1. Which of the residues belonging to region 91-108 are free of Cβ contacts under 8 Å to residues at least 60 places away in the same chain and more than 8 Å from the ligand (Cβ to nearest atom)?
2. Does Y128 qualify as being in contact with a Cys (Cβ under 7 Å, 6 or more places away or on another chain), open to solvent by less than 40 Å² (accessible area, probe 1.4 Å), modelled with pLDDT of 95 or more and of a type in the set (F, W, Y)?
3. Evaluate the following for N77: is it in a helix (DSSP H, G or I), in contact with a strand residue (DSSP E or B) (Cβ under 9 Å, 6 or more places away or on another chain) and farther than 26 Å from K162 by Cα?
4. Scanning region 42-84 for residues that are in contact with a His (Cβ under 7 Å, 6 or more places away or on another chain) and aliphatic (A, V, I, L, M), which turns out nearest to the ligand (Cβ to nearest atom)?
5. Restricting to region 162-184, count the residues that are under 19 Å from the mean Cα position of the chain (by Cα) and open to solvent by 70 Å² or more (accessible area, probe 1.4 Å).
6. Of all residues in region 194-210 being open to solvent by 70 Å² or more (accessible area, probe 1.4 Å), out of contact with any His (no Cβ under 7 Å at 6 or more places or on another chain) and touching a residue at least 24 places away in the same chain (Cβ under 8 Å), which is farthest from R122 (Cα to Cα)?
7. Restricting the search to region 114-124, which residues are in a helix (DSSP H, G or I) and either of a type in the set (A, V, I, L, M) or touching an Asp or Glu at 6+ places or on another chain (Cβ under 9 Å) (or both)?
Amino acid sequence: MEKSYQRLLEGNKKYSDSKKFEDPEYFKKLSLDQTPEYLWIGCSDSRVPANEVTGTHSGEIFVHRNIANLVVHTDMNLLSVLEYAVEYLKVKHIIVCGHYGCGGVRAAISNNTHGILDNWLRNIKEVYYKYQKELDAIEDMDKRTDRLTELNVIEQVRNLAKTKVVQRAWHNRTLRIHGWVYGLNSGLITELSAMYDELEDIDPIFRYKE
Ligand SMILES: [Zn+2]
């Protein structure tokens, strides 16, 4: 069997052994239930694993990932994850985590074609279009891409606040939505100023009645 493939199964055996060595009941306890306090919406990029970069363990973060951490209102996958996390798991925080050096954002800023992905990345082009004046004024392309990465996260936080699932929760309890950007070359997370936790945070046109 191919070595690069086999090492995953070997790694899994070691992982299982070391966890059981630390706590013989570890998997038994974990298998009973999950009570994560956080929903993570992040990029599929292999360099941004939610648990690892936040120093958390299995069972602590409910995770959804897609290319460039987008919240698209017709995405049944994301909406199912969101509803389950908010209504059944009762997470207290939703984090949209983008990352500098995001290939998805870089691709969206270009005029090259990438197949089906272009339809997905179109959502980022719309963000660019909304902030075109600010972005066009940034001459350095890396800096412009970084700024678009931040604006994209902010817009996805707003998209979450516009969902009925989030607004329904706000009528009854506390739920905070945060925007983060992770730095691939520092390993550090930057908290963006966009933090939504009530209906008044969004424009009236997007508010649903209870
Ligand atoms: Zn990315």
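1. Of everything in region 91-108, those that are free of Cβ contacts under 8 Å to residues at least 60 places away in the same chain and more than 8 Å from the ligand (Cβ to nearest atom) turn out to be R106, A107, A108.
2. no
3. Taking the combined requirement at face value, the residue does not satisfy it.
4. Taking the candidates together, the pick is V48.
5. Of the residues in that region, 2 qualify.
6. E198
7. Matches in region 114-124: L117, L121, N123, I124.
For (1) outside any helix (DSSP H, G or I); (2) in contact with a strand residue (DSSP E or B) (Cβ under 6 Å, 6 or more places away or on another chain); (3) in contact (Cβ under 8 Å) with a residue 12 or more places away in the chain, each residue gets a yes or a no:
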position	(1), (2), (3)
H64	yes, yes, yes
V86	no, no, yes
N112	yes, no, no
I138	yes, no, no
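The values are calculated or read from the model by the stated rules, or taken from the named source; none is laboratory data. As the structure is a computational prediction, the values presented were derived from the model and not from experiment. FYI the Cβ positions are ideal-geometry reconstructions off the backbone, even for glycines, and counts take in every protein chain you see. Just so you know, the surface numbers come from the protein's heavy atoms only, side chains and all, with ligands and any DNA or RNA stripped out. Shrake-Rupley method; radii C 1.70, N 1.55, O 1.52, S 1.80 Å.
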